[in-house]
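Shown next, in structure tokens, is the structure this report addresses.
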Amino acid sequence: MPQFESHFFSSLIFWEVISFGILLFILYKYAFPGILSVLEEREKKIKDSLDQAERHRADAESRLRDYEAKLSAAGKEAEGILAAAKERAQRLLDENEQRLTADAERIKGDATREIEQERRKALQDIRTQTTELALMVAEKVVQRSLTEADQRKFADEALEALSRSQQR
Amino acid sequence: MEESPLHQFELQNWIPISLGGFDISINKAVVFMWIVVLVAAVLMVMAGSARKLVPGKLQSLAEMMVDFIRSMILDTMGKEGMRFFPLVATLFVFILFSNLIGLIPGSYTVTSQIIVTAVFSFVVYGLSLVMGFMLHGAKFLGILVPPGTPGWLVPLMIPIEIISQVARPVSLAVRLFANMTAGHVMLAVLFSLTIGGGLLVGWLPFAFTVAIYGLEFGIAFIQAYIFSILTCVYLGDAFHLHGHDEHAH
């Protein structure tokens, strides 16, 4: 085989070592650092992106939970507010009713009392006028035959009898 | 074709040079070594200086290759093996480009020279020995006794393991050389049959030539891969004594 012709070995070894050395130097110096750094950069970027996506997802999830909690809290609050408003309205209604009833009661009471008072007053007036009338009449009849005191006593008796008959 | 299929491997001194008594004449293989270095360097440096986050085709290819070699090193040697990355990657690039450029008709396959592959394999094996003795001292001789060997087997195991160790550089060199040589011999034989058979029968060996050529293209990659992964394994063995013995062959 031509490959075993040993007189080429020395030149092949020499040039192989030189060529390989040059290639190693060039690649080590100018090719590998660039490629490796790009690879690492890309790996890092992908990892970062994934991490970031994961972070965003977690963030979104927690935010969603937050909103849901807030929403349900707001719902509960609204419900509470509604219930409170209803209750207050009911209470106001009840209070108004009570007050109105009480007012009506009071007005009625006042009116009754007033009427009673007026009645009494009228009665008193009637009594006074009747007494005076009777006195006048009696005076006309008796014409100073009696003392003032006697007259009054008679008149009172007459009135007493009158009012008694009236009350009966 | 009256030519021998081995004719393609013959060398002639094109420019005779002598250095300190050694013949370092320029021949076809030497010229193709330079071409390999030139093409590989230009392509790799171009790919390496692109540095785009979204790579183009060339950068993509180079990155794929570098990433492939890197994961190979990380798998076999672990993180500390990355200091051998330039060596292993350059070996891969050199062998791959030699194999591929050798497939161009009329060119020369540098890796079909036994002495070229032998230099690589002995350098790699020698480096693994040096690394092993530097890291583990005399304990590195324990590589001759696989873990779990019963005491009475040790006298038997040591010669066997010595043979297996010696076989490492030899097989590494012969594997690449033989693959390249065999592939090209096969192509030469088939092609001479094509020429000799004429149109009537020649189409059959010609079809085989095309198929084998495709196969050779795959072998160019596979052999570069095998050579570099075995480099990693041998260096890894020196790193982690009794770590990956089972990969040895």
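Read-outs throughout are calculated quantities, based only on the coordinates presented, and are distinct from any laboratory measurement. The structure presented is a predicted model; accordingly, all values stated were derived computationally and were not measured. When we count neighbours, we look across all protein chains shown, and the Cβ atoms used for this are built from the backbone with ideal geometry, even at glycine.
What the table shows:
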{"item": "Cβ-derived FRET efficiency at R0 22 Å, A:HIS7 paired with B:ALA178, nearest 0.05", "result": "0.50"}
{"item": "Summed side-chain charge close to B:ILE69 - residues other than B:ILE69 whose Cβ falls under 13 Å, Lys, Arg +1, Asp, Glu -1", "result": "-2"}
{"item": "Folded to 0 to 90 degrees: helix B:114-136 orientation relative to chain B principal axis, Cα", "result": "10 degrees"}
{"item": "5 angstrom amide H check on B:ILE26, placed H, neighbours 5+ away", "result": "B:TRP14, B:ILE15, B:ILE17"}
{"item": "Cα-derived Rg to Rh of region A:1-87, Kirkwood definition", "result": "1.74"}
{"item": "Around B:GLN12: net Lys/Arg minus Asp/Glu count, Cβ-Cβ under 14 Å", "result": "-2"}
{"item": "D (Stokes-Einstein, µm²/s), Kirkwood Cα radius, region A:32-167, 1.567 mPa s at 4 °C", "result": "51 µm²/s"}
{"item": "Separation in nanometres of the label points that stand 7 Å from Cα toward Cβ, at B:ILE195 and A:GLU79", "result": "9.6 nm"}
{"item": "Potential lengthening between A:ILE46 and A:GLU114 on full extension [0.36 nm per residue; Cα-Cα distance subtracted]", "result": "14.7 nm"}
{"item": "Per-residue Cβ neighbour rank within 10 angstrom, fewest leading, B:VAL185, B:VAL30", "result": "B:VAL185, B:VAL30"}
{"item": "In degrees, nearest ten, helix A:148-167 long axis to first principal axis of chain A (Cα)", "result": "50 degrees"}
{"item": "Crossing angle, helix B:57-76 versus chain B [Cα axis fit, 0-90 degrees, rounded to tens]", "result": "30 degrees"}
{"item": "Reachable lysines from A:LYS140, criterion Cα separation under 18 angstrom, eight or more residues apart if same chain", "result": "A:LYS153"}
{"item": "Chain lengthening between B:ILE163 and B:VAL145 when straightened (0.36 nm per residue, less Cα-Cα)", "result": "5.2 nm"}
{"item": "B:VAL66, B:VAL110, B:VAL45 arranged by Cβ crowding within 10 Å, fewest neighbours leading", "result": "B:VAL45, B:VAL66, B:VAL110"}
{"item": "Packing rank of A:81-93, B:90-102, A:33-45, where each peptide gets the mean count of other beta carbons within 10 Å, highest leading", "result": "B:90-102, A:33-45, A:81-93"}
{"item": "For the protein assembly as shown, Kirkwood radius (reciprocal of mean inverse C-alpha pair distance, Å)", "result": "31.1 Å"}
{"item": "Residue of A:ARG120, A:ARG152, A:ARG63 that the Gaussian network model of chain A assigns the largest fluctuation, springs spanning Cα pairs under 10 Å", "result": "A:ARG152"}
{"item": "Estimated D of region B:7-247 in µm² per second, where Rh is the Kirkwood radius over Cα pairs and Stokes-Einstein applies at 20 °C, 1.002 mPa s", "result": "106 µm²/s"}
{"item": "Charge sum, other residues only, whose C-beta stays under 13 Å from A:LYS47's C-beta, Lys/Arg counted +1 and Asp/Glu -1", "result": "-2"}
{"item": "Gaussian network model of chain B, Cα within-10 Å springs - most flexible of B:TRP34, B:TRP152, B:TRP203", "result": "B:TRP152"}
{"item": "Pair A:SER165, B:SER60: separation of 7 Å Cα→Cβ label points (nm)", "result": "13.8 nm"}
{"item": "Per-selection metrics, region B:120-249 (Cα): Rg and Dmax in Å", "result": "20.9, 68"}
{"item": "B:MET82 versus B:SER49: modelled label distance in nm, points set 7 Å from Cα along the beta carbon direction", "result": "2.5 nm"}
{"item": "Semi-axis lengths, Å, region B:1-85, gyration tensor of Cα atoms, sqrt of 5 times eigenvalues", "result": "36, 18, 16"}
{"item": "For chain B, calculated [θ]222 nm from helices alone, where every DSSP H run of n ≥ 4 adds -39500 (n - 2.57)", "result": "-25000 deg cm²/dmol"}
{"item": "Choice from B:SER25, B:SER128, B:SER112 showing the highest fluctuation, given a GNM over chain B with Cα pairs closer than 10 Å", "result": "B:SER25"}
{"item": "Sorted by Cβ density within 10 Å, fewest first, the residues B:ILE158, B:ILE143, B:ILE15", "result": "B:ILE15, B:ILE158, B:ILE143"}
{"item": "Förster radius 41 Å - calculated FRET efficiency between A:ARG106 and A:LEU71, Cβ distance, rounded to 0.05", "result": "0.20"}
